[in-house]
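Here's the structure, in structure tokens; my notes come after.
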Protein chains: 2
Amino acid sequence: MDETLEPQQEARQGSPQRATMADVAKRAGVSRTLVSLVLRDRPGAGAATRERVLKAADELGYRPDSAAQMLARGRSRTLGVLMNLEQPFHAEVVKAIYPAAAQLGYDVLLSAVAPGRDEHLATGALLGHRCEALVLLVSDPESHATERLGGTVPTVVVGRQATTPGVDSVHTAEAKGVRQAVDHLVDLGHRRIVHIDGGKGPGSADRRSAYRAAMRRHRLADEIRVLPGAQDEDAGIAAGMLLLSEDALPTAVLAANDRCAIGLMHALRSGGVDVPGEVSIVGYDDGNLSHLSHINLTTVRQDAAGIAGHAVRNAVERLENGTLPGRETVCDAQLVVRATTAPPR
Amino acid sequence: MDETLEPQQEARQGSPQRATMADVAKRAGVSRTLVSLVLRDRPGAGAATRERVLKAADELGYRPDSAAQMLARGRSRTLGVLMNLEQPFHAEVVKAIYPAAAQLGYDVLLSAVAPGRDEHLATGALLGHRCEALVLLVSDPESHATERLGGTVPTVVVGRQATTPGVDSVHTAEAKGVRQAVDHLVDLGHRRIVHIDGGKGPGSADRRSAYRAAMRRHRLADEIRVLPGAQDEDAGIAAGMLLLSEDALPTAVLAANDRCAIGLMHALRSGGVDVPGEVSIVGYDDGNLSHLSHINLTTVRQDAAGIAGHAVRNAVERLENGTLPGRETVCDAQLVVRATTAPPR
DNA sequence: TCTGGAATCTGGAGCGCTCCACTGTCGCGC
DNA sequence: GCGCGACAGTGGAGCGCTCCAGATTCCAGA
């Protein structure tokens with residue numbers, strides 16, 4: 001950068017150029033190395049000196065340069081998280097990843113998929129920033145390209161089973177969650193229970209097969225019906241439209257996730273269908289929308305904090321432990337009964 | 001004897017060593033510098049050599065180390081974005097920031113506020129990663145601490161006017177949007193139009209005063225009523241509850257944002273109130289929820305792409321231009337009439 | 001008195017990259 | 001033949017930090 005001296009810096013922080021460790025050292029009258037020790041809270045510095053260094057650093061508004069740290073350490077202690085900004089559940093998980101990573105001394109970098117920014121690009125950015133491990137909240141199960149990064153860097157896939165050896169996965173006990181949901185509906189007296197599929201979204205394949213299994217367990221194999229869908233409101237709406245166009249409605253629907261459930265609920269209600277009077281709906285995720293008092297969605301709660309914790313721990317373990325076989329961590333699922341399920345008419 | 005230092009052990013950390021520029025250079029039989037030139041697509045290399053370098057880089061799976069790049073360049077060409085994972089509108093803006101930044105050759109780093117991770121911490125992380133400029137989608141107008149970073153690093157505040165000199169701001173023409181909304185309601189015949197306040201959220205103060213001004217313009221000063229609130233569903237619900245508990249409902253409500261509007265809508269509907277039959281509702285943002293066919297919210301559309309573009313351009317300009325006075329960019333607002341507004345009974 | 005070891009502190013090398021100043025090598029006009 | 005600019009390519013310095021191998025001090029114990 002050109003050495004354009006900034007004429008008016010805030011007086012408080014003073015330095016036109018970012019303060020370096022050498023500046024702090026000079027001010028405190030010690031060596032760079034010692035400053036480094038003190039700032040990283042390592043033994044090897046006397047109490048008085050320590051104090052002096054800290055004071056000097058504070059006065060200069062010193063901020064360690066993580067780029068230089070990474071370079072020098074040969075490690076970045078940074079975890080990369082690939083997410084979708086539109087999935088509330090991702091937000092939930094990310095919120096829990098921050099403290100989990102911080103606790104283990106890791107930093108977190110977020111990268112989101114967006115139109116024109118696919119998984120590949122987004123993970124590339126993460127890797128370019130020297131993330132030592134990746135947590136993939138988004139990952140196309142069909143193109144294993146992203147997962148295969150596991151060969152390069154420890155990778156944890158969230159929300160579904162990994163299909164590549166050497167890649168960890170953390171996901172919800174979909175079978176349990178779905179079974180609870182189906183059990184609940186059957187207990188209420190439902191038989192015609194439709195499932196809206198989540199397409200390529202995480203967990204969808206498992207939920208689909210768990211739905212089938214649960215239906216069979218209740219000897220309702222004949223009633224099995226899976227509608228194509230996705231994990232968003234539009235898919236729920238589309239499914240709702242489809243159902244409304246048919247002769248008879250099912251009495252209950254297990255949606256791909258909460259967003260899908262909400263879309264479905266709106267579609268049905270605006271089609272004059274009473275929920276849960278005529279049709280019961282069960283969601284999946286238990287994000288911040290579902291517990292809103294008027295949505296009040298019966299849903300399968302995924303343990304975002306648990307998922308985040310395990311994902312981080314697995315990634316770090318793999319990082320510090322070298323090669324490990326791919327592990328699968330299953331987090332608990334819990335049906336939360338609210339107001340969108342009721343006995344069928 | 002120092003020169004026979006053995007290379008870093010590979011086995012210990014398990015990770016296969018990441019290929020460096022020197023590796024690529026050796027493989028292609030050229031100097032590091034040339035590799036650097038080729039990879040950055042700079043003139044100074046012959047076509048044949050260029051090809052060879054590219055091939056070598058590809059074969060080694062070479063990935064430039066952005067930490068080293070930053071360090072060497074003295075610049076990171078990275079923009080930091082502070083966001084809230086729970087605001088769909090932020091997601092919208094971020095999605096547009098990516099391409100805008102990429103076009104100017106800048107990288108984007110995301111940092112989210114979360115429980116236990118306040119603005120200060122989140123921006124600290126961004127700064128530690130050497131972001132050269134910050135785009136703040138989140139910023140507490142009361143504590144100017146975050147904004148004051150503008151003294152250190154170019155800062156653009158999104159969603160409200162900056163209160164610190166030397167800090168740019170990009171926000172929607174709240175006055176115009178709100179005026180359109182109020183005009184629309186008045187045109188429909190409404191007089192009792194209540195506004196739910198967005199609390200400390202971005203844009204709230206402007207919307208509040210714009211609401212007051214618009215009401216006065218229509219000689220409805222007596223009908224002005226601002227309910228305390230926030231920019232989320234819960235606030236909408238709370239406001240709805242409050243209104244339901246009163247003797248008479250207003251005929252229209254201008255909500256703090258879409259999320260708030262949705263909360264309100266649900267609260268009113270579950271209280272047996274017809275929307276828009278008895279009460280019309282107008283939101284603000286036009287995020288992905290509002291256009292869902294059953295929510296179908298009349299709302300004020302904020303130009304996320306425009307906001308993102310201006311924020312990025314302003315930040316970069318300030319970066320490359322040295323000192324500039326604080327500028328304010330106002331993006332268009334546009335009322336989108338959908339199905340939650342109708343003439344009063 | 002000397003020894004040795006803990007506690008404290010220092011200098012230099014080097015992480016992977018970019019930039020600057022430089023060396024060659026052409027080809028072309030005079 | 002010479003000069004000269006354009007192009008191709010090289011080597012070294014150094015970004016801010018951490019680590020390693022010492023250097024210095026001080027004091028307990030023989």
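Annotation: peptides B:331-339, A:39-47, B:96-104, ranked by per-residue average of other Cβ atoms within 10 Å with the highest first, follow the order B:96-104, B:331-339, A:39-47.
Per-residue ellipticity at 222 nm, computed for chain B from helices alone with -39500 (n - 2.57) per DSSP H run of at least four residues, works out to -12500 deg cm²/dmol. For the range B:153-220, the fraction of C-alpha pairs farther apart than 15 angstrom is 55 percent.
Where q = 0.08, 0.11, 0.12 Å⁻¹, what log10 of I(q)/I(0) comes from the Debye formula for chain A, counting one point per Cα? Log10 of I(q)/I(0), two decimals: -0.51, -0.78, -0.87.
Looking at chain B only, what percent of DSSP beta bridges run antiparallel? Nearest 5 please.
On the way: 5 of 39 bridges.
Beta bridges within chain B, antiparallel portion: roughly 15 percent.
For the cross-link pairs A:Lys95/B:Lys176; B:Lys55/B:Lys95; B:Lys95/B:Lys176; A:Lys95/B:Lys55, the ones whose C-alpha atoms lie over 30 Å apart are A:Lys95/B:Lys176; B:Lys55/B:Lys95; A:Lys95/B:Lys55.
Per the Debye formula on identical point scatterers at the alpha carbon atoms of the protein assembly as shown, with no solvent, log10 I(q)/I(0) at q = 0.05, 0.06, 0.08, 0.11 Å⁻¹ is -0.28, -0.40, -0.70, -1.20. Dimensions of the range B:51-118 from C-alpha coordinates, computed as largest minus smallest value along each principal axis and given longest first, are 48, 23, 21 Å. Counting DSSP beta bridges in the protein assembly as shown, what percent are antiparallel, to the nearest 5? Percent antiparallel among DSSP bridges in the protein assembly as shown is about 15. Scoring A:107-118, A:297-308 by mean Cβ neighbours within 10 Å over their residues and listing the highest first yields A:297-308, A:107-118. Counting from the shortest, the label point at A:Ser143, 7 Å from Cα toward Cβ, is 4.1 nm from the same position in each remaining copy.
The convex hull of the Cα atoms of the range A:242-291, projected and averaged over all directions, covers 3.3 nm².
Whole-Hz Karplus values for the range B:260-271 come out as 5, 4, 5, x, 4, 4, 5, 4, 5, 4, 6, x Hz, taken residue by residue from phi with 6.51 cos²θ - 1.76 cosθ + 1.60 and θ = phi - 60°; glycine and proline positions read x. The range B:77-96 and the range A:157-222 have their alpha-carbon centroids 33 Å apart. Only aspartates and glutamates eight or more places from B:Lys200 in sequence, or on another chain, were considered; those with a Cα closer than 13 Å are B:Asp140, B:Glu142, B:Asp232.
Summing Lys and Arg as +1 and Asp and Glu as -1 over all other residues whose Cβ lies under 10 Å from the Cβ of A:Ile295 gives a net charge of -1.
Grab the other residues whose beta carbon is less than 12 angstrom from that of B:His266, score K and R as +1, D and E as -1, and report the net.
Local charge sum for B:His266: +1.
A Förster radius of 56 Å combined with the Cβ-Cβ distance from A:Glu278 to A:Asp118 puts the calculated FRET efficiency at roughly 0.85. Springs join every pair of Cα atoms under 10 Å in this Gaussian network model of chain B, and among B:Ala221, B:Ala205, B:Ala315 the largest mean-square fluctuation is at B:Ala221. Over the C-alpha trace of the range A:303-345, radius of gyration and Dmax come out as 17.5, 58 angstrom.
Counting Lys +1, Arg +1, Asp -1, Glu -1, what net charge surrounds B:Leu127 among other residues with beta carbon under 10 Å of its beta carbon?
Numbers: positive: A:Arg18, A:Arg63, B:Arg130; negative: A:Asp65, B:Glu132.
Value of the local net charge: +1.
Proximity of backbone amide H atoms, modeled 1.01 Å from N, is registered between B:Glu328 and B:Ser169 at under 5 Å, excluding neighbours fewer than 5 places apart on the same chain.
If you count, for every residue in B:223-234, the Cβ atoms of partner chains within 10 Å of its Cβ, what is the mean? Walk me through the intermediate numbers first.
Details: counts 0, 0, 0, 0, 0, 0, 0, 0, 0, 2, 7, 4.
Across B:223-234, the average partner-chain Cβ count within 10 Å equals 1.
Tell me the distances, shortest first, between B:Asp247 and the same position across the other copies, using label points 7 Å along Cα→Cβ, in nm to one decimal. Spelled out, the distances from B:Asp247's label point are 5.6 nm.
Shielding by partners for A:51-59, please: the mean number of other protein chain Cβ atoms within 10 Å of each residue's Cβ. It would help to have the intermediate numbers written out before the result.
On the way: counts 0, 0, 0, 0, 0, 0, 0, 0, 0.
Shielding by partners across A:51-59 averages 0.
Counting only other chain Cβ atoms within 10 Å of each residue's Cβ, the peptide A:65-76 averages 5.
The numbers here are math on the coordinates, done by the rules we state, and not lab data. Please read these numbers as outputs of a predicted model, since none were measured by experiment. Reconstructed Cβ throughout: ideal geometry from the backbone, glycine too, with neighbour counts over all protein chains shown.
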